[in-house]
Structure formats: structure tokens, C-alpha cells
Amino acid sequence: MAILDIKHVSKFFGGLAANSDVSFSMEQGMIMGLIGPNGAGKTTLFNCITGYYPPSKGEVTFKGTRLNGLQPDQVCRLGMVRTWQKVRPLAKLSVVDNVMVGALARTSSLKIARELAMEQLKVVRMDHKPDFLAGGLPIGERKKLEVARALATKPELLLLDEVMGGLNPAESEEIIQLILELKKRGLTQMVIEHDMKAIMRISDRIVVLNSGEKLAEGGPREIADNPDVIAAYLGERVE
Amino acid sequence: MDRRPLLSRAPRGFSVLGLVLFVAAIAALAVFPSFVKKPYVLHMGVVLFLAVIQGQAWNVVGGYAGQYSVGHAAFFGIGAYVTMMLLEVNKIAPWVGIWAAIAAAVLVSLVIGSITFRLRGPYFVLASISVAEIIRLATLHFKEFTRGAEGFLVSEIPTLKIGATEIEFFTKRPFYFAALGLAVLTIIANWIVQHSKLGYYFQAIREDQDAAHSLGINPAFYKNVALAISAAFTAAAGGFYAMFVKFIDPNTVFGLDISVQFVLICIIGGIGTILGPVIGAMVLVPLSEILRNPKGLVQLGIVSSDSGFVRFVEANLSNAHMLVYGILVVVVILFAPEGVLGVIRRLASRVRRRASSRGRTEPAATA
Ligand SMILES: Nc1ncnc2c1ncn2[C@@H]1O[C@H](COP(=O)(O)OP(=O)(O)OP(=O)(O)O)[C@@H](O)[C@H]1O
Ligand SMILES: [Mg+2]
């Protein structure tokens with residue numbers, strides 16, 4: 001059974017169809033790449049899946065549960081969590097406190113939450129500065145903090161919205177390794193990314209959005225060779 | 001609105017030094033009346049403790065959960081009126097009646113919260129102001145029940161019997177100890193709440209509601225919880241106030257200046273910290289007392305009765321305390337957005353940083 005099933009999802013903002021009749025599904029343990037030009041509707045799709053917006057049409061099923069009408073906090077407790085493209089650190093809280101907020105979705109004990117949080121900070125290699133204020137971190141670490149905080153909620157499906165955006169090549173490589181490491185541990189992931197090389201490396205399958213519509217779906221090779229996809233990127237060389 | 005944080009490291013949660021200072025301060029305040037017996041001084045002590053309770057109470061919802069209520073007079077007034085009316089109309093002792101007052105305020109807070117917390121931004125601020133005003137006007141209007149503008153006067157507070165000891169509330173002394181006890185209790189309760197899952201959730205909502213929501217937090221629910229806790233302590237303060245000043249009317253306990261006072265104590269001291277409201281109360285109470293009643297300084301023997309300062313304040317500032325408050329808020333927001341406590345912490349961290357850079361270099365601390 002698919003862990004996530006997106007059926008005919010549309011989202012309208014006034015007259016604009018940010019998502020239009022998007023359907024695809026994800027199997028347990030896979031990494032799905034979600035790509036498309038700026039404004040294609042990738043973030044909007046995350047918002048629709050996680051309950052931030054109710055989809056205008058269509059439905060989303062996660063682990064057999066219909067999500068329509070559920071709020072983001074309920075979706076999170078069901079086991080699906082997202083990171084934010086424009087990072088949202090809890091600025092006046094320390095690094096470990098940020099991650100603890102995530103962990104508290106699974107426990108009410110601060111002690112256990114702190115242990116869980118430190119574990120996740122180790123996963124993203126930020127366990128050396130737990131007491132620093134999140135608001136003062138450089139962008140690379142803010143992105144990693146987003147991931148650690150999401151991981152602390154013990155998700156079964158992790159949605160990453162451009163975690164490599166704005167990072168230097170070394171930092172991006174670290175994120176790629178992290179994503180692959182998480183996959184090895186069995187975590188299912190959907191990854192929005194503009195860096196084609198990176199997305200080709202990590203994805204098992206890729207969905208391409210363009211102007212809100214699903215333009216193509218397939219394995220990395222297939223997508224790279226797809227003439228529609230190449231056209232959508234206006235001659236940007238894929239690969 | 002992405003402001004750089006003033007500190008690079010978060011202040012530690014629990015410290016032995018903090019606990020020792022806390023206990024020492026309580027001990028000092030507890031023996032204080034044995035040495036200083038002037039009723040005026042004890043009176044000011046009670047006012048100060050009340051302000052601490054008010055600040056701590058507001059801080060739960062305003063400081064930690066980030067929902068700026070400018071209508072806490074609603075809960076304060078409900079606390080005062082319920083306690084007072086139960087005593088005067090039903091002859092119920094205030095230490096019993098205050099629980100009903102707390103329950104009433106919590107109930108009202110849940111109604112207000114469930115309506116306004118679905119909305120974001122300034123709606124809650126505006127709604128909180130209007131709710132307090134509505135209650136004030138209703139209290140003025142329904143005279144048969146509330147006696148309207150006439151208000152209530154305490155005729156007699158019964159004697160409190162705890163085992164063999166009997167406590168009579170004739171002098172300032174018992175009020176002083178009761179207020180101190182209530183303030184200590186409020187601080188401890190606040191500390192516990194803030195060092196629990198609730199406190200983390202409140203702060204997460206304050207820092208970024210969308211992020212909090214996506215991490216499994218139901219913002220409307222937890223804001224409501226914060227408001228209810230805040231309303232409970234505020235009502236306790238209101239009930240105590242009514243018994244202490246012995247007279248209440250709608251304009252004094254439900255007035256906008258009471259609501260503003262709650263906010264001021266926290267803004268001046270430092271929002272979202274346990275120590276902030278304490279410092280805020282220590283700044284605001286003496287200041288407003290000097291403005292309101294400059295003769296108090298004479299009573300304390302600080303200035304002589306023909307002092308030019310007293311005459312100046314009486315002539316020019318006594319009726320303008322709201323103006324002075326306003327200027328104070330502007331000054332604090334411009335020059336010390338994190339309150340007096342923020343200034344202290346910034347200075348301390350600068351000293352610490354200088355000390356540590358003299359020892360070994362710590363490049364990360366300036367990141
Ligand atoms: N809340 C909103 N209200 C109105 N329009 C919106 C809203 N959110 C997104 N849009 C519009 O929907 C379209 C899709 O936006 P979305 O953010 O989903 O794109 P994206 O694929 O994530 O782009 P990017 O790669 O730049 O992040 C854009 O035209 C955007 O302006
Ligand atoms: Mg986007």
C-alpha cells in the first residue's frame with residue numbers, strides 16, 4: 001500500500017491555479033523528488049498535503065487516513081512533517097530547545113525530549129552548539145536545524161522544501177549525505193530541490209510540476225531525457 | 001522583523017545561584033516587617049507584591065505565548081468583584097470566595113479565547129480591550145446586581161483560623177505576608193509552567209505560529225490554555241486587591257489603566273522571563289507611587305515636607321501618570337526592547353565575553 005496518495009489535488013488562489021489536478025503516490029522508504037520552475041506550485045503542494053491549506057479539490061491519503069480537513073498539528077502527529085523553504089527558526093529559543101519542541105510531539109517529559117533532541121542534533125551534526133540561540137545561526141545551520149526539528153517529531157514521511165537553497169557546495173553535499181543516510185534508516189522522503197544534479201542523485205522517482213500541473217513523473221533518467229521537462233526549464237540543461 | 005538576537009547563547013534554565021538568591025530574597029522579605037513597622041512601608045510592600053503577581057500572570061499569555069492582552073482588567077475585575085460580592089452579599093470568607101473568582105475568570109477567559117484565538121494579529125489585542133470595556137459598562141449598568149458606580153466596601157473580613165492561630169486582617173501586616181506568599185506561589189507556579197511542555201509550546205507559538213503548528217502544536221488550544229492560566233492568577237490578584245484596598249468600583253478594577261499596568265510591568269522589566277515582571281514591578285510601583293502621592297516620600301523621611309520636588313510633582317505630574325507611563329514605554333521600546341532585564345543580561349554577556357576572550361579565544365560565541 002502506498003504511504004502517501006495524492007489524488008486530483010487542486011489549489012486555487014483566486015483565479016490562479018497554484019496546483020491543478022495533481023496526482024501521484026509514494027511507496028514506503030522511497031525518496032520522491034519534486035521539481036519545477038519557480039512558481040510551479042511545489043510549496044503549495046506541501047501546504048496542501050500537510051493541512052496548512054485545505055486543497056480546493058481532490059484528496060490526500062496518508063497511511064490509509066484521509067487528510068481532508070485535518071490541521072497541520074494532527075498531520076504531524078500522524079507521522080508526516082515538513083520543513084519550510086523560508087526557514088522558521090524559533091529565534092529566541094536555543095538550538096536544542098527548538099528541536100525539543102519537535103520532540104515534545106511524542107513525549108511530555110522534557111528529559112526524554114532533550115535526549116531525543118540531542119540525538120537529532122547529532123544526526124545533522126549540530127550537537128556541538130545546543131545552547132546557541134537559533135536566531136543567530138548562519139543559514140546553513142538554520143536549514144539543518146529545520147531538519148533536526150522535523151526529525152524529532154518521529155516522522156514516517158519527511159517533506160523537505162529546498163533544504164539546500166542558499167547553501168555552498170560543501171554544505172549541500174552534507175545535506176545530500178544526510179538525506180541518503182535517513183533513507184538508509186527507512187525514512188520516506190519527498191524532496192523539493194532546484195539543484196538538478198542533487199535531485200537526480202538522491203531521488204528514486206521524480207515528479208515535475210509546471211504552472212501547477214504535473215508535467216511528468218518517472219525515474220531520474222527518464223525525467224532528464226523528457227523533452228517536455230527540458231522545454232519547461234527553457235533550455236536549462238538538465239543533468 | 002528579523003532582528004539579530006542580543007545574545008548568542010540562551011540563558012540557562014535552572015541555576016543553583018538563582019535558587020539561592022530566590023530563597024534569600026524571600027527570607028529577607030519575610031523578616032522585613034520585624035524591623036520596619038511603618039504601615040506606609042508595608043502598604044507599599046503589598047502593592048509591590050501585587051504588581052509582581054500581575055506581571056507574572058500577564059507574562060504567561062503575553063510574554064511566553066506572545067498574545068498581547070490589553071484587557072487583563074477583565075480578569076482582575078472579575079476576581080475583585082466575585083470575591084467582594086461573595087463576602088458582602090453571601091458572607092463567604094475571601095479565602096473561599098477567591099476560588100469561585102478564579103473559576104469565573106477562567107471561564108470567561110475560555111470564552112474570550114475560543115472566539116478570538118482563531119484570528120491572528122491585532123484581533124486579539126482589540127478584542128481583549130473591548131471585552132474589558134464591555135464588562136466594565138455592564139457592571140455599571142446592572143445596578144441591582146452590581147450596585148453600579150456605587151461600588152462595594154468591605155464591611156468586615158472574618159478572622160482566619162489556621163489550627164490554633166487566629167489571623168485578623170486589621171493591620172497591614174497580615175496582608176503583607178499573604179501578598180508575599182501569593183507572589184512566591186505565583187513565581188513558582190510560573191517557573192514550573194515555563195519549564196514544562198506547556199512553556200515550550202507557548203514560546204514556540206510566540207516565535208512562529210506556523211512552525212509550531214507544523215510541529216504538532218495546536219496554536220488555538222495552547223493559547224487558550226495560556227490565557228486561562230493567566231486569568232486564574234490575575235483573578236487571584238484582583239480578589240486580593242479588593243480585600244486589601246477594601247473598596248472597588250467598576251472604573252477602578254475594570255479600567256483601561258489597570259490593563260495597561262499589566263502590560264507595562266512586563267515590558268519595562270523584560271517580557272517572557274520570570275525575573276522580568278519582578279524588576280518591572282520594582283521600577284513601576286515606586287514610580288507610580290511617587291507620581292500619585294509624592295507626600296509618601298515625606299512620610300518615608302526621604303525628602304522634607306516643603307521640598308520643591310514634591311510640590312513640582314503634585315502640581316504638574318500627579319494627574320498625568322498615564323502620560324508618564326506612555327513616555328516610559330516609548331523610551332523602553334526604543335532603547336531597551338528587552339526591558340531592564342535585557343539590558344542587564346546584555347551587559348553581563350559583554351563582560352563574560354571580554355573575560356573569556358582575555359583567557360582563550362572563543363570565536364563561536366560571536367557567531
Ligand atoms: N497564499 C498564497 N496566496 C496567493 N497566491 C499564492 C499563495 N501561495 C502561493 N501562491 C502562488 O502560487 C504559485 C505557486 O507558488 P509556490 O510557492 O507553490 O511555488 P514553488 O514551486 O514552491 O516556487 P519556488 O520554487 O519559487 O519556491 C505562485 O504563483 C505563487 O505566487
Ligand atoms: Mg517553494
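Can you tell me the relative contact order of the range B:38-259? Whole percent, Cα pairs under 8 Å, sequence separation 6 or more. Before the final figure, lay out each step's value.
Numbers: 339 pairs, mean separation 97.8, N = 222.
Reported as a whole number, the value is 44 percent.
Rolling a 1.4 Å probe over the protein heavy atoms of the protein assembly as shown, with every protein chain left in place, gives an accessible area that is 62 percent carbon and sulfur. Working note: Karplus 6.51/-1.76/1.60 with θ = phi - 60° gives the range A:111-119 the couplings 5, 5, 4, 5, 4, 4, 5, 5, 4 Hz, where Gly and Pro are set to x.
Here the mean projected area of the convex hull built on the C-alpha positions of the protein assembly as shown is 33.9 nm². Nearest 5 is fine: what % of DSSP beta bridges in the protein assembly as shown come out antiparallel, could you say? Taking every DSSP beta bridge within the protein assembly as shown, about 60 percent pair in antiparallel fashion.
Take the residue pairs A:144/A:184; A:63/A:111; A:143/B:223; A:92/A:154 and return only those whose Cα atoms are more than 22 Å apart. Long pairs (Cα-Cα over 22 Å): A:63/A:111; A:143/B:223; A:92/A:154. When only alpha carbons are used to place a centre, the range A:155-176 and the range B:323-342 end up 41 Å from one another.
Charging the Cβ of each Asp and Glu at -1 and of each Lys and Arg at +1, and nothing else, the dipole of the range A:86-154 about its Cα centre rounds to 220 debye. The mean count of C-beta atoms from other chains within 10 Å of the C-beta of residues in A:126-132, rounded to a whole number, is 3.
For the range B:38-259, the C-alpha radius of gyration sits at 1.04 times the compact-globule guess of 2.2 N^0.38 Å, with N the residue count. For the residues of B:197-210, the average number of beta carbons from a partner chain within 10 Å of their own beta carbon is 5. Between residue B:170 and residue B:321, the simple spin-label model (points 7 angstrom out along Cα→Cβ) gives 2.9 nm. Rounded to the nearest whole Hz, the Karplus-based 3J(HN,Hα) values (6.51 cos²θ - 1.76 cosθ + 1.60, θ = phi - 60°) of the range A:191-196 follow the sequence 10, 8, 7, 8, 6, 4, with x at glycine and proline.
Placing R0 at 41 angstrom, the Cβ-Cβ distance between residue B:31 and residue B:130 gives a FRET efficiency of 0.35 after rounding to 0.05. The listed peptides B:148-158, A:60-70, ordered by packing as a protection proxy, come out as A:60-70, B:148-158 (highest mean of other Cβ atoms within 10 Å first).
Ratio of alpha-carbon Rg to the 2.2 N^0.38 Å globular estimate for the range A:86-154, to two decimals, please. Mind showing how you got there, number by number?
On the way: Rg = 10.4 Å, N = 69, 2.2 N^0.38 = 11.0 Å.
Compared with the compact-globule rule of thumb, the range A:86-154 sits at 0.95.
Here the Karplus curve 6.51 cos²θ - 1.76 cosθ + 1.60, taken at θ = phi - 60°, turns the phi angles of the range B:232-243 into couplings of 4, 5, 5, 5, 4, 4, x, x, 5, 4, 4, 6 Hz, with x standing for Gly and Pro.
Label sites at residue B:334 and residue B:115, each approximated as a point 7 angstrom past Cα along Cα to Cβ, lie 3.8 nm apart.
For the pair residue B:293 and residue B:349 in one chain, pulling the backbone fully straight at 0.36 nm per residue adds 16.3 nm over the alpha carbon distance.
Across peptide A:89-97, what mean number of C-beta atoms from other chains lies inside 10 Å of a residue's C-beta? Intermediate values should be presented prior to the final figure.
Values: counts 4, 10, 7, 10, 7, 5, 2, 1, 7.
Per-residue shielding by partner chains comes out at 6.
Near residue A:191: Cβ cut-off under 12 Å, other residues only, Lys/Arg at +1 and Asp/Glu at -1. The net charge is 0. The modelled label-to-label distance for the pair residue A:131/residue B:21, using points 7 Å beyond Cα in the direction of Cβ, is 1.6 nm.
The values are calculated or read from the model by the stated rules, or taken from the named source; none is laboratory data. Predicted, not measured: the structure shown is a model, and the values here were computed from it. All Cβ positions, glycine included, derive from the backbone under ideal geometry; neighbour counts span all protein chains shown. Ligands, DNA and RNA are excluded from the accessible area calculation, which covers all protein heavy atoms including side chains. Shrake-Rupley method; radii C 1.70, N 1.55, O 1.52, S 1.80 Å.
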